[in-house]
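Single-structure report; data block below.
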Amino acid sequence: MHEDARTVTVTGTGWAEAAPDLMLVSVGVECRAESVEGAYAAAAEGLAAVGSALRSHGVAPADIRSAGLSVRADLAWRDGEGQKLVGYVAASSLTVRLRDIGSASAIISAAVGAAGDNVRLNNLQLVLSDDAAVRAEARDTAWHDALRTAVQYAALASATLGRVLSVTDQPPAGGPVPLDGMQRTSASEGLAVEPGTNRVEATVTATWALEQ
């Protein structure tokens, strides 16, 4: 706070929570074979089986997207011979949106079972399909936090708050949502899904004029 400028600038923070309604899953296959063609064909067959299992369990084609494809040499170290080429590894994956979290466990189990030991479950995220309302609530909380602080500082300076001179909304830090709601159970039971809640945070910096 600068007395000569007669302003006060504060930063307020706030948050709001809501239950996630969308699960993002990255599932793929990894296959080994003696030739590039063999590894590629096995990966294609496995991924097709995964996709078919997803669709048969009600996942819309628009919610299934190819996400990656790679083929690499499979090298192994052998005593007296050094590093040797023993085959090739092909990997391919899908990014899937599951809109019914209650059915997610059964859908994931079906996808994993479709290609057996070649399946790789790479990532799971529980997110909000539309966070506009909860983000607005978080901004509202952040604004009132800033306002309370500004009123306090104004009183300490024997002044009152005047008009708002500037407002800056600080963009939230990006990053995946922690999966505290996911629990691994036995293979026969599949994956237990406990959605919990997602927190959306907001930060605002505002400047007010100070009046006597």
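The values are calculated or read from the model by the stated rules, or taken from the named source; none is laboratory data. As the structure is a prediction and not an experimental result, all values here were calculated from the model. Note that each Cβ is placed from the backbone with ideal geometry, even for glycine, and that neighbours are counted across all protein chains shown.
Would you confirm, using the coordinates I've provided, whether Ala106 is in a helix (DSSP H, G or I), more than 20 Å from the chain's Cα centre (by Cα) and touching a residue at least 12 places away in the same chain (Cβ under 8 Å)?
Here the answer is yes, as Ala106 does meet what is asked.
Residues are listed down the side, and each one gets a yes or a no for (1) outside the structural domain of Pro171 (by TED's automatic domain parsing); (2) at pLDDT below 90; (3) in a strand (DSSP E or B):
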| site | (1), (2), (3) |
| --- | --- |
| Ser92 | yes, no, yes |
| Ala111 | yes, no, no |
| Asn122 | yes, yes, yes |
| Arg135 | no, no, no |
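Residues checked against (1) among the small types (Gly, Ala, Ser); (2) surrounded by 15 or more Cβ atoms within 10 Å (Cβ to Cβ); (3) in contact with a Lys or Arg (Cβ under 8 Å, 6 or more places away or on another chain):
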{"residue": "Ser103", "(1), (2), (3)": "yes, yes, no"}
{"residue": "Leu121", "(1), (2), (3)": "no, no, no"}
{"residue": "Trp143", "(1), (2), (3)": "no, yes, no"}
{"residue": "Tyr153", "(1), (2), (3)": "no, yes, no"}
{"residue": "Ala157", "(1), (2), (3)": "yes, no, no"}
{"residue": "Pro172", "(1), (2), (3)": "no, no, no"}
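Working only within the range 58-79, note down all residues that are within 23 Å of the chain's Cα centre (by Cα) and surrounded by 12 or more Cβ atoms within 10 Å (Cβ to Cβ).
Residues satisfying the conditions are Gly58, Val59, Asp63, Ile64, Ser66, Ala67, Gly68, Leu69.
Pairs only if they're at least six apart or on different chains, beta carbon under 8 angstrom, first in the range 61-76 and free of Cβ contacts under 8 Å to residues at least 40 places away in the same chain and assigned by TED's automatic domain parsing to the domain that holds Ala39, second of a type in the set (Phe, Trp, Tyr) and part of a strand (DSSP E or B); list them, first residue then second.
Pairs that qualify, where the first residue is free of Cβ contacts under 8 Å to residues at least 40 places away in the same chain and assigned by TED's automatic domain parsing to the domain that holds Ala39 and the partner is of a type in the set (Phe, Trp, Tyr) and part of a strand (DSSP E or B), are Val71/Tyr88; Arg72/Tyr88; Ala73/Tyr88.
Quick one: which of Val177, Val200 is modelled with pLDDT under 95, part of a strand (DSSP E or B) and under 30 Å from Asp21 (Cα atoms)?
Exactly one residue qualifies, and that residue is Val200.
Considering only the range 50-60, state which residues are among the hydrophobic types (A, V, I, L, M, F, W, C) and either outside the structural domain of Ala39 (by TED's automatic domain parsing) or in a loop (DSSP other than H, G, I, E, B) (or both).
Selection gives Val59, Ala60.
List every residue pair whose Cβ atoms lie under 9 Å apart, where the two residues are 6 or more positions apart in sequence or sit on different chains, the first residue falls within the range 17-38 and is in the same structural domain as Asp100 (by TED's automatic domain parsing), and the second residue, located anywhere, is assigned to a strand (DSSP E or B) and among the acidic types (Asp, Glu).
The qualifying pairs are Arg32/Asp74; Ala33/Asp74.
Among (1) buried (at least 17 other Cβ atoms within 10 Å of the Cβ); (2) in contact with a Ser or Thr (Cβ under 8 Å, 6 or more places away or on another chain), which single condition is Ser26 missing?
Just one mismatch for Ser26, condition (1).
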